[in-house]
Amino acid sequence: MSEEKSLNFIEEIIENDIANGVNGGRIHTRFPPEPNGYLHIGHATSICLNFGLAKKYNGKCNLRFDDTNPVTEDTEYVESIKNDIKWLGFEWDNEFYASDYFEQLYQFAVTLINKGLAYVDDSTADEIAAQKGSTVTPGTNSPYRERSIEENLRLFQEMRDGKYQDGEKTLRAKIDMAHPNLLLRDPLMYRIKHAHHHRTGDKWCIYPMYDYAHGQSDSIEQITHSICTLEFIHHRPLYNWFIEQLGIFPSHQYEFARRNLTYTVMSKRKLLQLVNEKHVAGWDDPRMPTVSGMRRRGYPAAALRQFCDTVGIAKRENIVDVGLLEFCVREQLNQTADRVMAVLDPVKLTISNYSLGEEWMEIENNPETPNGTRKVPFSKELWIEREDFMEVAPKKYFRLAPDMMVRLKGAYIVKCDDFKKDENGNIIEIICSYIPESRSGSDTSGIHVKGTIHWVSIPHAKTAEVRMYDRLFKVEDPSSEDGDFKDYINPDSLHILPNVYIEHALGSATSGQSFQFIRKGYFSVDADSTADKLIFNRTVTLKDSWAKEVKKG
């Protein structure tokens with residue numbers, strides 16, 4: 001009998017709340033991305049957590065776009081985020097936008113002004129920063145802190161009406177300039193931005209700050225458990241202060257640690273640099289840690305969910321070995337991907353005594369999950385991998401060499417009789433003879449060989465481009481290294497093979513389909529493919545070093 005998985009600390013909080021009838025035992029979470037970039041694997045953890053908790057406890061999960069900064073946001077990002085969430089296997093109960101609440105948030109701010117808890121400040125950004133003080137010195141009051149309620153109401157309305165330029169005035173909460181938590185030293189609530197918003201157009205020229213808008217949006221939606229990453233732990237007192245002063249629904253914030261990934265960066269700012277400076281082909285480049293990049297590379301959604309579940313959540317940040325993610329990808333593809341034959345570095349093999357014209361060999365699609373067989377054409381002339389032949393073979397070499405025999409996958413045993421070279425000494429053709437009685441499935445030859453190699457029939461072969469992707473950075477944690485993180489980009493993260501030979505059935509493969517190229521790794525059909533030119537991305541290699549570490553643990 002398998003052990004029941006232990007609860008994480010947020011599940012413990014939720015189960016305690018349910019047991020004590022908090023909010024009537026109702027569970028309502030939300031996933032609140034800012035639409036200023038594409039989602040990455042870190043967001044996938046949050047998605048799996050928030051949607052997973054709602055599902056586990058028969059609750060609801062909202063998708064709310066935190067669209068309070070019109071300068072960086074775009075509908076392209078909104079649509080990509082929705083596509084990523086659906087691809088990961090989740091559906092939201094409600095779709096909201098912080099901009100839906102602009103009027104209500106404005107009225108909340110008016111309420112705080114009327115209570116003497118907010119004021120309009122004419123200080124510059126540098127002056128406000130200086131007023132904040134430090135962790136060892138208290139802040140100093142703004143000279144505008146004691147404006148009357150009437151003046152603040154008038155000025156705030158004039159800010160809304162567009163009377164002032166960007167940066168000319170702000171609205172600040174009036175809390176405590178000596179508070180030990182610097183975030184409570186009269187934080188900004190509104191700033192002026194004369195910029196076109198992707199949903200509200202030019203209706204607004206003042207926009208709420210994240211720390212003000214977030215908790216109130218949670219409260220408006222009556223979110224019971226607002227789950228954030230650990231960097232927001234010091235923001236929680238401010239989150240609570242706004243809710244308490246407004247007397248609105250008491251949403252509660254809980255924090256969990258980020259999970260960074262080796263050999264990549266997770267900062268949206270840095271990812272945007274990689275895109276804008278053309279170090280990658282776009283947000284969905286298969287080397288990127290974005291959900292869309294991983295999807296394009298061929299990572300199954302189930303593998304990302306398995307990874308997030310395996311890593312779990314905790315209160316301490318750490319960096320997770322990308323090998324664990326690759327292990328999850330292999331586990332999923334091992335069960336679902338058909339085995340096919342593709343020759344990446346071809347050399348010609350001719351069977352001198354073969355006179356049957358062509359045959360069709362029956363080969364199983366996936367031995368891990370039996371799902372039938374397919375017919376593969378066989379002929380006198382084949383492509384095989386160059387590495388599967390050696391002119392002088394060392395001991396324990398079980399592939400082709402002069403006078404050595406090997407089995408052709410799903411077909412016959414062949415013996416190397418001769419080979420040809422070009423004027424530069426490169427092998428251009430291997431001459432073999434075959435054993436007619438050795439056909440797979442009906443072998444009566446009595447001959448046993450230790451090696452099996454894959455092949456593709458030359459008359460039937462299709463050609464394809466293969467993109468061999470590797471890790472984007474040369475070091476485990478590029479953000480922690482000296483200098484510019486881009487200095488550590490791996491120059492060999494992409495190697496293109498323009499003319500790979502694939503078995504004929506793959507000619508009808510469609511975008512997103514995944515296969516195991518026998519002995520070579522897992523590959524997925526790229527979105528750039530056309531009917532005339534198939535392109536495959538290497539998703540992950542066959543080597544599984546992480547499995548040993550898992551077994552050790």
Quiz item: Is segment 240-260 home to any residue that is at pLDDT below 95 and in a helix (DSSP H, G or I)?
Solution: no
Quiz prompt | In segment 415-428, the residues that are in a strand (DSSP E or B) and closer than 14 Å to V347 by Cβ | solution = C416, D418, F419, K420, K421, I427, I428
Self-check item: Failed item in (1) touching a strand residue (DSSP E or B) at 6+ places or on another chain (Cβ under 8 Å); (2) of a type outside the set (S, T, N, Q); (3) surrounded by 22 or more Cβ atoms within 10 Å (Cβ to Cβ), with A213 passing the rest
Solution: (1)
Exercise. Tell me which residues, restricted to segment 277-294, are part of a loop (DSSP other than H, G, I, E, B) and in contact with a Gly (Cβ under 9 Å, 6 or more places away or on another chain).
Key: V280, G282, W283, D284, D285, P286, R287, M288, P289
Practice problem: Looking only at segment 263-277, count how many residues are within 24 Å of N50 (Cα to Cα), of a type outside the set (A, V, I, L, M) and buried (at least 17 other Cβ atoms within 10 Å of the Cβ). | Solution: 1
Quiz item: Quick one: what pairs do we get from segment 234-261, first residue under 13 Å from F108 (Cβ atoms), second of a type in the set (K, R), C-beta under 8 Å, 6+ apart or different chains?
Solution: Q245/K115
Practice problem: Among the strands (runs of 3 or more DSSP E) lying completely within segment 429-542, list those that include at least 2 residues that are open to solvent by 70 Å² or more (accessible area, probe 1.4 Å), modelled with pLDDT of 95 or more and aromatic (F, W, Y). | Solution: none
Practice problem: Filter the strands (runs of 3 or more DSSP E) completely within segment 119-236 down to those with at least 1 residues that are under 30 Å from C48 (Cα atoms). | Solution: 206-208, 225-229
Quiz prompt | Inter-residue pairs, beta-carbon under 8 Å, first over 19 Å from A178 (Cα atoms) and open to solvent by 30 Å² or more (accessible area, probe 1.4 Å) and in segment 131-156, second in a helix (DSSP H, G or I) and at pLDDT 95 or above, 6+ apart | solution = R147/L155; I149/I113; I149/N114; L153/V110; L153/I113; L153/N114
Practice problem: State the number of residues belonging to segment 102-126 that are open to solvent by 20 Å² or more (accessible area, probe 1.4 Å) and under 22 Å from T200 (Cβ atoms). | Solution: 6
Exercise. Would you mind stating whether T75 is in contact (Cβ under 8 Å) with a residue 60 or more places away in the chain and surrounded by fewer than 13 Cβ atoms within 10 Å (Cβ to Cβ)?
Key: yes
Quiz item: In segment 354-408, what residues are open to solvent by less than 60 Å² (accessible area, probe 1.4 Å), among the β-branched types (V, I, T) and more than 38 Å from the chain's Cα centre (by Cα)?
Solution: V406
Exercise. Filter segment 180-209 down to the residues that are over 20 Å from V71 (Cα atoms) and open to solvent by 50 Å² or more (accessible area, probe 1.4 Å), then identify the one that is nearest to the chain's Cα centre (by Cα).
Key: L183
Quiz prompt | Scope segment 165-179; condition surrounded by 16 or more Cβ atoms within 10 Å (Cβ to Cβ) and farther than 19 Å from I113 by Cα; matching residues | solution = H179
Practice problem: Within segment 198-233, work out how many residues are farther than 30 Å from D161 by Cβ and without any contact (Cβ under 8 Å) to a residue 24 or more places away in the chain. | Solution: 2
Exercise. With respect to F249, determine if the residue is surrounded by fewer than 16 Cβ atoms within 10 Å (Cβ to Cβ), touching a helix residue (DSSP H, G or I) at 6+ places or on another chain (Cβ under 7 Å), over 27 Å from T72 (Cβ atoms) and among the hydrophobic types (A, V, I, L, M, F, W, C).
Key: yes
Self-check item: Yes/no for E34 being within 21 Å of the chain's Cα centre (by Cα), under 22 Å from K270 (Cβ atoms) and open to solvent by 20 Å² or more (accessible area, probe 1.4 Å)
Solution: yes
Quiz item: For V71, all conditions in the list (1) under 30 Å from H196 (Cβ atoms); (2) among the hydrophobic types (A, V, I, L, M, F, W, C); (3) touching a strand residue (DSSP E or B) at 6+ places or on another chain (Cβ under 8 Å) hold save one; what is the number of the exception?
Solution: (3)
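The values are calculated or read from the model by the stated rules, or taken from the named source; none is laboratory data. Because the structure is a prediction, the values reported are computed rather than measured. Because the Cβ atoms are built from the backbone with ideal geometry, glycine has one as well, and the counts that use them run over all protein chains shown. Just so you know, the surface numbers come from the protein's heavy atoms only, side chains and all, with ligands and any DNA or RNA stripped out. Shrake-Rupley method; radii C 1.70, N 1.55, O 1.52, S 1.80 Å.
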